[in-house]
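Novice: Below is a structure I'd like to ask you about.
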Amino acid sequence: MSSPSSAIPIVEFRAVRKSFGALEVLKGIDLEVSKGEVVCIIGRSGSGKSTALRCITGLEKIQAGTITACGHAIHAPKTDLRQVRQEVGIVFQSYNLFPHLTVEENITLALRRVKKLATNKANAIAARVLKQVGLSDKINSYPEQLSGGQQQRVAIARALAMDPKLMLFDEVTSALDPELKGEVLKVIEELARGGMTMVLVTHEMYFARQIAKKIIFMHQGRVHETGGPDILISPRTPELKQFVGTGL
Amino acid sequence: MLTTNQLLFLLQGTLWTVVLALCGFIGGGILGLIIALLRVSKRRTLRWIGAGYVQCVQGVPLPVMMFIAYFGLALTGRNIPALVAAAASITIFAAAYLGEIWRGCIEAVPRTQWEAADSLALSSFHKHFDIILPQAVRLAVPPTVGFMVQIIKNTSYAVVIGFVELTQSGRIINNSVFEPFVIFSIVGAIYFALCFPLSRLSQTLEARLRARGA
């Protein structure tokens, strides 16, 4: 399925290859994400989906092919990745909050250091994004005082504070128990409704079906099947059929 | 036994031992931080420089370094005071070990913290000074305090270049009263009094760190 020609691609992979030593994890990937689109990447562990996501902000270097994100050529050695990372937010499976900083400092650090905002302006943004994720009362807490779900919502708020054009979510609910998953998914759902362009690597098939405009099924380092959320109900390839058969 | 003057002489030597150790803490601390940062640098050349420094210093005994600093530089026509030679040697020595201790602590900060800092577009400077080092410092305090004990004891090597610190004071007094057992027991007790509180502090800090980690 191809995006309508009017849509502006915000992420574009062309023949992307990536190896860790002798192990090739991405074997020629093509994919694109349009502005305002919510794309879910699904697949087994080791299928390369997290690696693909991490390549978007240059956290992983690729060996061949091209990646464009928000107009930047990520694969080009000269590209200033710090510029890219101001425009693309990423949320990790293990939250990765800074344990020695309060929730507010976690959120305002990059605003002050990178965007050079005055402290009061940065604090105002922190208050706004914390309200958005429903954690206004935790502004002065330290990460260790929060539940996993709360930490993950702070991590989302921290990324949102940078006012990104694109948000990446790398299995953000995988470390959470079912009860806490819900509160995080709700935040993501609201972001989607607000029109945020998002790419999610997820194992939440039910959630993916509800939220995604496009599903990308990765299998053995390749994009194996792409389509609308309906491919989770009626997969075309036997591999996806088998994969969702165990999940839905 | 000892006269008041002899005791005062020992205490004066103790003072110089403390001065020398402080030079080692401060000088070694500053240089050690640079070494640690070189060792974790992204650039291979810088890593090699850091590693080379550590290898060279760890391979040469401290008294030999003191000889080199004191007598070696004197050959070039420059006469440097024993205190300077001893302080410089202790600084160079402490920097190598502190650098290695701190490198370990920096590398013990999880990889994911570096990634999170990178993902927020923080510069290398802010990544190190706002994110990595504050976390590494927490890990580093107990072993660093523990190493201070080593520095205090190692200042006694300044004896070889005749610097009158605690051990040398003991030798000088012993030369006049010849009661080595008594005198060096006193010297040993003074070293113990200096080191014991630091050892205990290091153990306490380590226990506290472990409690927080659990």
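The values are calculated or read from the model by the stated rules, or taken from the named source; none is laboratory data. Computed from a predicted structure; not experimentally measured. Quick reminder, even Gly has a Cβ in these numbers, built from the backbone with ideal geometry, and neighbours come from all protein chains shown.
This table checks each residue for (1) in a loop (DSSP other than H, G, I, E, B); (2) away from chain B (no Cβ under 14 Å); (3) touching a residue at least 60 places away in the same chain (Cβ under 8 Å); (4) touching a helix residue (DSSP H, G or I) at 6+ places or on another chain (Cβ under 7 Å).
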{"site": "A:D30", "(1), (2), (3), (4)": "no, yes, yes, no"}
{"site": "A:I41", "(1), (2), (3), (4)": "no, yes, yes, yes"}
{"site": "A:L53", "(1), (2), (3), (4)": "no, no, yes, no"}
{"site": "A:L59", "(1), (2), (3), (4)": "yes, no, no, yes"}
{"site": "A:A76", "(1), (2), (3), (4)": "yes, yes, no, no"}
{"site": "A:T79", "(1), (2), (3), (4)": "yes, no, no, no"}
{"site": "A:V84", "(1), (2), (3), (4)": "no, no, no, no"}
{"site": "A:I90", "(1), (2), (3), (4)": "no, no, yes, yes"}
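Novice: Let me ask something else about it. Looking at (1) away from every other protein chain (no Cβ under 14 Å); (2) surrounded by fewer than 21 Cβ atoms within 10 Å (Cβ to Cβ); (3) out of contact with any Pro (no Cβ under 8 Å at 6 or more places or on another chain), find the lone condition where B:A94 falls short.
Specialist: (2)
Novice: Return the residues of the range A:227-238 that are more than 22 Å from the chain's Cα centre (by Cα) and either of a type in the set (G, A, S) or surrounded by fewer than 17 Cβ atoms within 10 Å (Cβ to Cβ) (or both); say none if nothing qualifies.
Specialist: Result: A:I233, A:S234, A:R236, A:T237, A:P238.
Novice: With the checklist (1) under 13 Å from A:K49 (Cα atoms); (2) at pLDDT 95 or above in hand, flag the one item A:H203 doesn't pass.
Specialist: That leaves (2) as the condition not met.
Novice: Can you tell which of B:I152, B:I131 is modelled with pLDDT of 95 or more and under 18 Å from the mean Cα position of the chain (by Cα)?
Specialist: B:I152
Novice: Whether any residue in the range A:66-74 is touching a Phe, Trp or Tyr at 6+ places or on another chain (Cβ under 7 Å), in contact (Cβ under 8 Å) with a residue 24 or more places away in the chain, away from every other protein chain (no Cβ under 11 Å) and not polar (S, T, N, Q) is what I want to check.
Specialist: Yes, that holds for at least one residue.
Novice: Can I ask one more? Of all residues in the range A:40-77, count the ones that are of a type outside the set (A, V, I, L, M, F, W, C), under 16 Å from the mean Cα position of the chain (by Cα) and at positive phi.
Specialist: Within the range A:40-77, residues that are of a type outside the set (A, V, I, L, M, F, W, C), under 16 Å from the mean Cα position of the chain (by Cα) and at positive phi number 3.
Novice: Condition test on A:N96, is it in contact (Cβ under 8 Å) with a residue 12 or more places away in the chain, within 9 Å of chain B (Cβ to nearest Cβ), under 21 Å from B:P134 (Cα atoms) and not aliphatic (A, V, I, L, M)?
Specialist: Judged against the criteria, A:N96 is a match.
Novice: Next question, about the same structure. Give the number of residues within the range A:160-182 that are surrounded by 20 or more Cβ atoms within 10 Å (Cβ to Cβ), in contact with a Ser or Thr (Cβ under 8 Å, 6 or more places away or on another chain) and not in a loop (DSSP other than H, G, I, E, B).
Specialist: Going through the range A:160-182 one residue at a time, the tally reaches 6.
Novice: Only one residue in B:G146, B:G162, B:G59 is more than 30 Å from A:T108 (Cα to Cα) and either without any contact (Cβ under 8 Å) to a residue 24 or more places away in the chain or within 14 Å of chain A (Cβ to nearest Cβ) (or both), so which one is that?
Specialist: B:G59
Novice: Same structure again: Let me spell it out: the conditions are (1) in contact with a helix residue (DSSP H, G or I) (Cβ under 8 Å, 6 or more places away or on another chain); (2) exposed (fewer than 15 other Cβ atoms within 10 Å of the Cβ); (3) over 30 Å from A:L160 (Cα atoms), and B:V64 meets all of them except one. Which number is the exception?
Specialist: (1)
Novice: Name the residues in the range B:48-69 that are of a type in the set (F, W, Y) and at pLDDT below 95, would you?
Specialist: Correct list: B:F67 only.
Novice: Scan the range A:96-112 residue by residue and report those that are in a loop (DSSP other than H, G, I, E, B) and touching a Leu at 6+ places or on another chain (Cβ under 9 Å).
Specialist: A:L97, A:F98, A:L101
Novice: Which residues, counting only those in the range A:134-158, are crowded, with 20+ Cβ neighbours inside 10 Å and either over 25 Å from A:G43 (Cα atoms) or not small (G, A, S) (or both)?
Specialist: Hits for the range A:134-158 are A:L135, A:K138, A:P143, A:Q150, A:Q151, A:Q152, A:R153, A:V154, A:I156, A:A157, A:R158.
Novice: Another question about this same structure. Checking the condition touching an Asp or Glu at 6+ places or on another chain (Cβ under 7 Å), touching a residue at least 12 places away in the same chain (Cβ under 8 Å), not hydrophobic (A, V, I, L, M, F, W, C) and not in a loop (DSSP other than H, G, I, E, B), which residue from A:N140, A:N123 passes?
Specialist: When all the criteria are applied, what remains is A:N123.
Novice: Surrounded by fewer than 20 Cβ atoms within 10 Å (Cβ to Cβ), within 14 Å of chain A (Cβ to nearest Cβ) and more than 20 Å from B:F196 (Cα to Cα): is that true of B:R138 in this structure?
Specialist: For B:R138, the condition - surrounded by fewer than 20 Cβ atoms within 10 Å (Cβ to Cβ), within 14 Å of chain A (Cβ to nearest Cβ) and more than 20 Å from B:F196 (Cα to Cα) - is met.
Novice: Further, regarding this structure: Output yes when any residue across the range B:115-135 is more than 14 Å from chain A (Cβ to nearest Cβ) and more than 21 Å from B:A21 (Cβ to Cβ), and no when none is.
Specialist: Scanning the range B:115-135 turns up no residue that is more than 14 Å from chain A (Cβ to nearest Cβ) and more than 21 Å from B:A21 (Cβ to Cβ).
Novice: What tally of residues in the range B:72-93 results from selecting those that are in a helix (DSSP H, G or I) and either small (G, A, S) or at pLDDT 90 or above (or both)?
Specialist: Within the range B:72-93, residues that are in a helix (DSSP H, G or I) and either small (G, A, S) or at pLDDT 90 or above (or both) number 14.
Novice: Moving on. Just the residues that are more than 7 Å from chain B (Cβ to nearest Cβ) and free of Cβ contacts under 8 Å to residues at least 40 places away in the same chain, please, taken from the range A:102-112.
Specialist: A:E104, A:E105, A:R112
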